[in-house]
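Visitor: Structure in structure tokens, see below.
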Amino acid sequence: MKEHRYYVYIVANASRLLYTGVTSPLEQRIWQHKNKSFKGFTSKWQVCRLVYFERFQTVQFAIAREKQIKGYRREKKIALIEKQNPDWKDLSDGWYEEKSKALSLVAG
């Protein structure tokens, strides 16, 4: 049986505006944020830098954690991010380089 993984993540923009979400395919969801695949808050404010994530075995635990984090004050969210990622680096850097190279080879 295939193991499912669910993620709670926080993305930010250059001004550190934050968005917290939950997803199953994290890599695909961050790609959607980066490419503004959906109209809304994250595309409007260019919130696409992955600064924090946690992995869970069940969707129920992931949703419960997402709700918990969304209930945090901004200061607590920042402390959570900075404990794991003090420099606010984009944790998805490098995820899509190989894919874009492969796509350009196919298209070219």
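Visitor: Would you compute, from DSSP H runs of 4+ residues alone, the mean residue ellipticity of the chain at 222 nm, taking -39500 (n - 2.57) per run and dividing by the full residue count, rounded to the nearest 500? Display every interim value, and only then the final one.
Guide: Working: 5 runs with 47 residues, N = 108.
After summing the helix terms and dividing by residue count, I get -12500 deg cm²/dmol.
Visitor: Where the convex hull is taken over the Cα atoms of the chain, what is its projected area averaged over directions, in nm²?
Guide: Numbers: hull surface 33.7 nm².
One quarter of the hull surface, i.e. the mean projection, equals 8.4 nm².
Visitor: Relative contact order, percent, of the chain when contacts are C-alpha pairs under 8 Å separated by at least 6 residues? Walk me through the intermediate numbers first.
Guide: Details: 136 pairs, mean separation 31.4, N = 108.
It comes to 29 percent, rounded to a whole number.
Visitor: DSSP loop trypsin sites (Lys or Arg not before Pro) in segment 22-68 with at most 16 other Cβ atoms within 10 Å of their Cβ, which ones?
Guide: Filter output for segment 22-68: Lys36, Lys39.
Visitor: Note the full-extension length gain between Gln32 and Gln57 as 0.36 nm times their separation in residues minus their Cα-Cα distance, in nm to one decimal. Each step should come with its number before you reach the end.
Guide: Values: separation 25, 0.36 × 25 = 9.00 nm, distance 2.26 nm.
Answer, rounded to one decimal: 6.7 nm.
Visitor: When Lys and Arg each count +1 and Asp and Glu each count -1, what net charge do the other residues less than 11 Å away from Ser24, Cβ to Cβ, add up to?
Guide: On the way: positive: Arg5, Arg29, Arg55; negative: Glu27.
Residues close to Ser24 contribute a combined charge of +2.
Visitor: With a 1.4 Å probe and all protein chains kept in place, how do Glu82, Glu54 rank by accessible area, largest first? Don't jump to the answer; show the numbers that get you there.
Guide: On the way: Glu82 75, Glu54 35 Å².
Reading off the accessible areas and sorting them downward yields Glu82, Glu54.
Visitor: Additional query: Suppose R0 equals 22 Å; then what is the FRET efficiency for Arg16 and Ala79 from their Cβ-Cβ distance, rounded to the nearest 0.05?
Guide: Working: r = 13 Å, r/R0 = 0.60.
So the FRET efficiency works out to roughly 0.95.
Visitor: Give the calculated FRET efficiency between Lys70 and Tyr96 to the nearest 0.05, with a Förster radius of 22 Å applied to their Cβ-Cβ distance. The partial results should precede the final answer.
Guide: Working: r = 27 Å, r/R0 = 1.22.
E(calc), rounded to 0.05, equals 0.25.
The values are calculated or read from the model by the stated rules, or taken from the named source; none is laboratory data. In this text the structure is predicted, and so the values were computed from the model without any measurement. Positions of Cβ are generated from backbone atoms using ideal geometry, with glycine treated the same way; all protein chains shown enter the neighbour counts. Calculation scope for accessible area: heavy atoms of the full protein, side chains included, ligands and nucleic acids excluded. Shrake-Rupley method; radii C 1.70, N 1.55, O 1.52, S 1.80 Å.
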